[in-house]
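Since the structure comes first, as structure tokens, the remarks are kept for the end.
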Protein chains: 2
Amino acid sequence: MDLNERSRNILRAVVVSYIERALPIGSQTVTKSFSFGLSPATIRNIMAELEDRGYLSQPHTSAGRIPTPKGYRLYVDELMEEDHPTLFDEEFLKENYLSTKREDPHALLLETTRMLSLLSHYAGVVLAPKISETRLDRLEFILLRKGHVLVLQVSKDGLVQHRIIDADPELTQKDLSRISAFLNEKFGGLNLDEIRLRLLQQMRAEKDQYDRLLQKAMELGRKALEEPPQEELYVIGTSNILNLPEFAENLEKMKALFKTFEEKAAILKLLNNSITTEGVQIFIGSENRMPGIEDCSLVVSSYRSGDRIVGTLGVIGPTRMEYDRVIPLVDHTAKLLSRLLDQD
Amino acid sequence: MDLNERSRNILRAVVVSYIERALPIGSQTVTKSFSFGLSPATIRNIMAELEDRGYLSQPHTSAGRIPTPKGYRLYVDELMEEDHPTLFDEEFLKENYLSTKREDPHALLLETTRMLSLLSHYAGVVLAPKISETRLDRLEFILLRKGHVLVLQVSKDGLVQHRIIDADPELTQKDLSRISAFLNEKFGGLNLDEIRLRLLQQMRAEKDQYDRLLQKAMELGRKALEEPPQEELYVIGTSNILNLPEFAENLEKMKALFKTFEEKAAILKLLNNSITTEGVQIFIGSENRMPGIEDCSLVVSSYRSGDRIVGTLGVIGPTRMEYDRVIPLVDHTAKLLSRLLDQD
DNA sequence: ATTTAGCACTCTGTTGTATAGAGTGCTAAT
DNA sequence: ATTAGCACTCTATACAACAGAGTGCTAAAT
């Protein structure tokens, strides 16, 4: 049932050629570009077999072959020689990326996205750490106007997020400061889910107590943490996609793709799914079931801060992506980002 | 030299028809769609004259006419009957926009952009108020780790921005709190430019004084305000542009346009230029000299918070934009936003 | 038992030609 | 001043012819 070595070589040749040329690959092209010591006729037989088995497809009877997602999958999993980032990419990152200021995680993540886009020539995406899953460093409340409170969350890794919530109009800034201090004391170092849980427990326990400020602290804390904070997704380089021939020819696909890019929800969902898995993951074309990007491939990797996975980053490009270059790039970038986030 | 009434009517007819149909307009179309009581031949004469004068152009000898930017300009300035937003737009905004929560200006601005895009069917843009030009309500410093300080700025209209700066590593949170209090006391209610100026003056004056904390306060204040804060531009609905026939047919223009959208710099510049002018401004096609959007028109209006102009918003669409619908829409939206920002 | 040369066949894309249609500009009549 | 009429121009479309790339199959060669 398995493909023999020769068939695999031919498949590799077709995939590599197609990635380079974006045109259906015929038996002649294969014989010319690679030296298998086989005639076109033989190649044709093998290609026909590969098509039967679902690794290649033909746009029409008398055309060359194009890899199917299954074909790319085999290539990526078993045939590709992927090892290190290219020397250029590695050097470039060392010179231009590692030197970015690390004090503001936002700036750092943005720069990471830019690097991914720049070096891959596709679109770079970075899903920012969800502040709710990081350990809390500080929680501050600042009174804006009566009844409106600015909540400032700072995580241990320096991630900052602010949000405005409604609150008891009787609270003064003094109350708020005391509440901040109290909550920081009590919950500093925990992650938000834990805090939320403890708050609820405690509120139940102390329901009947008379310490009104304590109650307000609990109430405010709960409110501050209850709504899921907006998820932050950086996307840079979508216009790179416009240069690819496969989309230039198919306006409909491009429309769908750009709508997806603009709405971000589908991409968020995909990246969120990948956050549980360690290392590089690859979604090839229709393997990912997201409408709009079913003609794209994604190469994503989770990254960490300290010993916890906190987010994912990656590259979105055509199924005809240069996997052997992009996969090590994404892997490497994820590691560099993890390192940058860790060194504090 | 001026166009007579009849020519102006014909020009209006051509512009209106072209906006609707996106195809060169011939003399027959004009006679059929409008009843001027003139034969096609007469229309032709007039159109030829309009072309001579630069209001219309012909893609080729035997085609109908297309308005030039000059033609659109005359239409917009003198021929168009623009008055109110459509009933639908007005109702829609009343129902869906005026009810948005106003406590978080960011959310509000985002919603505004969404509305502009939704109702115009083009791309909506909103340039957020520059916090440096708003009056300061609060300035808070929070120590992240040694030498890194989170600066939190809150403006009187509730605009919040945070930034991370390097600072004297010897400063403790206690120092920072005192500095915050001091600066708030001294400068609350002023705008950042004023504050910056006063700080410099004062620093010079008190150079030789021995109050070290005061000096540090000055120094920190200066640092916190020195770098221009990033400008915030919301853009929503770029993918609407993909549906327009003029761009679908011209891939190159579309590429340029989307690159411009992604980079945002050109749009920022344009909107910043418009911030000094009150009311609605219109840039038609090549009138705006920004590469990438020279085939687009912009309808923008400044908006205010209280009695000061703080930002601009608008719509980016094809030169063939439905000006009579979009201009009142932009105008109306700007006024609504101003009202929402004011009611505090 | 493979491999391959040879060949008929298929499909695309390009080129050239004819044609219909839309629209113009000009002239002469109203 | 307007317009009917007409010759002219240019585009878009359809169609045919054809070159080119590529295939699959068969029979010969290794």
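The values are calculated or read from the model by the stated rules, or taken from the named source; none is laboratory data. Not measured: the values here are computed from a predicted model. Don't worry about glycine lacking a Cβ; one is built from the backbone with ideal geometry, like all the others, and counts go over all protein chains shown. These accessible areas exclude ligands, DNA and RNA; they are computed on the full protein's heavy atoms, side chains included. Shrake-Rupley method; radii C 1.70, N 1.55, O 1.52, S 1.80 Å.
Using the Kirkwood radius over C-alpha pairs as Rh, can you work out the diffusion coefficient of region A:271-344 via Stokes-Einstein at 10 °C, viscosity 1.306 mPa s, in µm² per second? Rounded, D is 126 µm²/s. Residues with amide H under 5 Å of A:SER57's amide H, sequence separation 5 or more or different chain, H placed in the peptide plane at 1.01 Å from N; which? Under 5 Å from the amide H of A:SER57 lie the amide H atoms of A:ILE66, A:THR68, each far enough along the sequence or on another chain. Each Lys and Arg Cβ is given +1 and each Asp and Glu Cβ -1; about its Cα centre, chain B then shows a dipole of about 520 debye. Interface burial in region A:141-174 reaches 40 Å² or more for A:ILE142, A:LEU144, A:ARG145, A:LEU152, A:VAL160, A:HIS162, A:ILE164, comparing the full protein assembly with the chain by itself; accessible area from heavy atoms with a 1.4 Å probe. If R0 is taken as 41 Å, the Cβ-Cβ distance between B:LYS223 and B:LYS94 corresponds to a FRET efficiency of 0.35. A helix-only calculation puts chain B at -14500 deg cm²/dmol for mean residue ellipticity at 222 nm, using -39500 (n - 2.57) for each DSSP H run of at least four residues, averaged over all residues. Putting +1 on Lys and Arg Cβ atoms and -1 on Asp and Glu Cβ atoms, find which of B:THR42, B:ALA22, B:LEU56 reaches farthest to the positive end of the dipole of region B:1-72. So the residue furthest toward the plus end is B:ALA22. Label-to-label distance for A:THR61 and A:ASP2 is 3.7 nm, based on points extended 7 Å past Cα in the beta-carbon direction.
Estimate the FRET efficiency between A:SER286 and B:ARG308 by the formula 1/(1 + (r/R0)^6), using the beta-carbon distance for r and 45 Å for R0, to the nearest 0.05. Kindly include the intermediate steps, with their values, before the conclusion.
Numbers: r = 53 Å, r/R0 = 1.19.
Approximately 0.25, to the nearest 0.05.
Determine the residues within region A:249-283 where the difference in accessible area between the chain on its own and the full set of protein chains amounts to at least 20 Å²; count protein heavy atoms only and use a 1.4 Å probe. Buried by 20 Å² or more upon assembly, which counts only protein chains, are A:LEU251, A:MET254, A:LYS255, A:PHE258, A:LYS259, A:GLU262.
Charge dipole of region A:1-94 (Cα centre as origin; +1 on each Lys and Arg Cβ, -1 on each Asp and Glu Cβ, all else neutral): 520 debye, rounded to the nearest 20. The smallest convex shape that holds all Cα atoms of the protein assembly as shown, its convex hull, gives 209 Å³ per residue.
Summarising the label geometry, the points placed 7 Å from Cα in the beta-carbon direction at A:LEU268 and B:ARG339 lie 3.0 nm from one another. So which residues of region B:87-109 lose at least 20 Å² of accessible area, probe 1.4 Å, when you go from the chain by itself to every protein chain present? Listed in order, they are B:GLU103, B:ASP104. Sorting A:THR42, A:THR260 on solvent-accessible area from highest to lowest, probe radius 1.4 Å, gives A:THR42, A:THR260. The slack in the chain from A:THR277 to A:HIS84, taken as 0.36 nm per residue of separation less the alpha-carbon distance, amounts to 67.4 nm. With 18 Å as the limit on Cα-Cα distance, the pairs of B:LYS223/B:LYS269; B:LYS269/B:LYS335; B:LYS130/B:LYS156; A:LYS130/A:LYS269; A:LYS264/B:LYS94 that go past it are B:LYS223/B:LYS269; B:LYS269/B:LYS335; A:LYS264/B:LYS94. Take chain A and mark each of the GluC sites (Glu not before Pro) that is in a DSSP loop with at most 12 other Cβ atoms within 10 Å; the longest unmarked stretch, sites excluded, is A:82-169.
Note on region A:48-101: with neighbouring protein chains present and a 1.4 Å probe, carbon and sulfur make up 48 percent of its accessible heavy-atom surface. A:ARG12 sits among other residues whose Cβ lies under 11 Å from its own Cβ, and their net charge, with Lys and Arg +1 and Asp and Glu -1, is -2. Put simply, the convex hull of the Cα atoms in region A:5-79 casts, on average, a shadow of 4.4 nm². Here's the picture: a label point sits 7 Å out from the Cα of B:ARG73 along the beta-carbon direction, and within region B:288-307 the residues with their amide nitrogen under 11 Å of it are B:288.
Carbon-plus-sulfur fraction of the accessible area of region B:132-226, 1.4 Å probe, in percent? The partial results should precede the final answer.
Working: 2230 of 4660 Å².
That fraction is 48 percent.
With a 1.4 Å probe and every protein chain left in place, work out the accessible area per residue of region B:99-242 in Å², rounded to a whole number. Intermediate values should be presented prior to the final figure.
Working: 6380 Å² over 144 residues.
Using a 1.4 Å probe on heavy atoms only, each residue of region B:99-242 averages 44 Å².
For region A:52-155, the list of trypsin sites (Lys or Arg not before Pro) that fall in a loop by DSSP and count at most 12 other C-beta atoms within 10 angstrom reads A:LYS101, A:LYS146.
Viscosity 1.567 mPa s, temperature 4 °C: Stokes-Einstein D of region B:118-160 from its Kirkwood Cα radius, in µm² per second? Don't skip to the end; give the middle numbers.
On the way: Rh = 12.9 Å.
It diffuses with D of about 101 µm²/s by this estimate.
Extents of chain A, largest first, come to 90, 38, 37 Å (Cα atoms, principal axes, whole angstrom). Ligands, DNA and RNA excluded, the heavy atoms of B:HIS121 present near 110 Å² of accessible surface to a 1.4 Å solvent probe. Between B:ALA107 and A:THR172, the C-beta separation translates, for a Förster distance of 25 Å, into a calculated FRET efficiency of about 0.50. Using a probe of 1.4 Å, the accessible surface attributed to A:ILE10 totals some 0 Å² when neighbouring protein chains are kept in position. Buried surface between chains B and A: roughly 3000 Å² of accessible area, summed over both sides, computed with a 1.4 Å probe on protein heavy atoms only.
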